[in-house]
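Report on the structure given below.
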Amino acid sequence: MTTFTVRPASLRDAKAITDLFNASVCEAFQSAVPNAPVPVEALEKNQSHWREAIEYAEPQVHVALLGDKVVGFVGFDRSRDKGTPPTTGEIWHIYVASDYIGLGAGLSLWDAAREGLLEEGCTTVTVWVPIANDQALRFHELAGFKRENNSAKTVPIGTARVEEIRLKRSLT
């Protein structure tokens, strides 16, 4: 397994995070909604968005590096879902460049997010994943997440509709 360095993102990482986010969203959208053009709304998180997220730690953002190259990132914080207790964290984003999937970058990012959420006093964590994204579902299930079958929802992205499901696991 390749060894990745994970650290909190700095403002200088914002462009690499933006590029990685956009590439990953395009790949994920095309697998979830084949033959549909990627709506511009799906790519609304531009470099200024990520600079602000990094600066204000909302969400907390960590990057995975191979040498000095950003190959993945994770954004995590308290759950945004209504009615969840303050001890519930959420993986807001977790993306790895396609050339590095399966090499351990995602696991390294997940480990950093888990540690960060534990430090924040969280005891459980959730993540929303498109039902059609088999690769993301498999990754999270291997990391111990379980599907909450009654949580499925439809999210409009431009003119497309994407079905998502929430997965959950204990942090302890």
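Taken over the stretch 101-133, residues that are touching a residue at least 12 places away in the same chain (Cβ under 8 Å), farther than 19 Å from F4 by Cα and among the acidic types (D, E) amount to 1. Filtering L107, L65 for residues that are surrounded by fewer than 21 Cβ atoms within 10 Å (Cβ to Cβ), aliphatic (A, V, I, L, M) and not in a helix (DSSP H, G or I) leaves a single hit, L65.
Of all residues in the stretch 117-169 being touching a Leu at 6+ places or on another chain (Cβ under 9 Å) and in a loop (DSSP other than H, G, I, E, B), which is surrounded by the fewest Cβ atoms within 10 Å (Cβ to Cβ)? Don't jump to the end; show me each part of the working.
Taking the stretch 117-169 as the starting set, the residues that turn out to be touching a Leu at 6+ places or on another chain (Cβ under 9 Å) are 117-118, 122-131, 137, 139-143, 145-148, 151, 165, 167.
Narrowing the set further to residues that are in a loop (DSSP other than H, G, I, E, B) leaves 122-123, 131, 143, 145.
Details: C122: 22, T123: 13, I131: 16, A143: 18, F145: 21.
Step by step, filter the stretch 117-169, then rank; the result is T123.
For (1) at pLDDT below 95; (2) acidic (D, E), each residue gets a yes or a no:
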| residue | (1), (2) |
| --- | --- |
| I54 | no, no |
| V71 | no, no |
| D77 | no, yes |
| E90 | no, yes |
| A105 | no, no |
| S108 | no, no |
| R114 | no, no |
| E120 | no, yes |
| I131 | yes, no |
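Scanning the stretch 79-92 for residues that are in contact with a Gly (Cβ under 9 Å, 6 or more places away or on another chain) and surrounded by fewer than 19 Cβ atoms within 10 Å (Cβ to Cβ) yields P86, T87.
The values are calculated or read from the model by the stated rules, or taken from the named source; none is laboratory data. The structure presented is a predicted model; accordingly, all values stated were derived computationally and were not measured. Note that we place each Cβ from the backbone using ideal geometry, even for glycine, and neighbour counts take in every protein chain shown.
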